[in-house]
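Here the structure comes first, spelled out in structure tokens, and everything after it is commentary.
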Amino acid sequence: MATMLLVMMAVIVVTGILGALHPSSNVEIIDPTTLHLKGEFVESNLGTALEPDFSVTVRLIATQYNFVPHCVEVPVGMPVKFRITSADALHGFLLPDTNVNTMVVPGFVAEVRTRFAKEGEYAMPCHEFCGLGHHAMWARVRIVSQERFATVNFTERRRCERQ
């Protein structure tokens, strides 16, 4: 038993030193102090983007006490990849009644993949306490038809404007 305990402690120490311990969905490292300035999470890239393989990527930033952008539109029936990071504190990312549920840790990019079967709207709360304004940290994901998604421009998809 003592040998097993020593082996387990050694594994924890070695992986901790090598930086191999990360939250399960966070495998990419990002500098939270500069994420607005360069790279994937600059403001012009946030929101919903159609990829060449006809999948959809949604990029979001969680900040106290808001998700940026506050609402995104995604098409029904297509693969959707959410990529989200935090600029300041630990947050949660949850879409009730789906498989989307992850922690959003500053310095890491969380990625969750899903597909929506029907049109509708999901409230997206922060489910990790992030400070005094945590109770008001909500955003929305609107699932729309593929036809509507194809005809709406990038800016409108970030604001969930109705036609």
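The values are calculated or read from the model by the stated rules, or taken from the named source; none is laboratory data. All values derive from a computational prediction rather than experimental measurement. Here Cβ is always computed from backbone atoms with ideal geometry, including for glycine, and neighbour counts include all displayed protein chains. Ligands, DNA and RNA are excluded from the accessible area calculation, which covers all protein heavy atoms including side chains. Shrake-Rupley method; radii C 1.70, N 1.55, O 1.52, S 1.80 Å.
Listed conditions (1) part of a helix (DSSP H, G or I); (2) at pLDDT below 90 are all met by residue 131, apart from (1). Residue selection: residue 92 satisfies the criterion of being under 28 Å from residue 38 (Cα atoms), touching a Cys at 6+ places or on another chain (Cβ under 6 Å) and of a type in the set (Gly, Ala, Ser). Scoring residue 153 on the criteria (1) modelled with pLDDT under 90; (2) under 28 Å from residue 33 (Cα atoms) leaves a single failure, condition (2).
If the condition is being modelled with pLDDT of 75 or more, in contact with a Ser or Thr (Cβ under 9 Å, 6 or more places away or on another chain) and of a type outside the set (A, V, I, L, M, F, W, C), then region 1-39 contributes 28, 32. Among strands (runs of 3 or more DSSP E) entirely within region 1-107, having at least 1 residues that are touching a residue at least 60 places away in the same chain (Cβ under 8 Å) and closer than 21 Å to residue 140 by Cα singles out 47-50, 56-63, 66-68, 71-75, 101-104. Taking region 115-156 as the range and being closer than 14 Å to residue 94 by Cβ and open to solvent by less than 20 Å² (accessible area, probe 1.4 Å) as the test, the residues that pass are 124, 125, 126, 130, 137, 139, 141.
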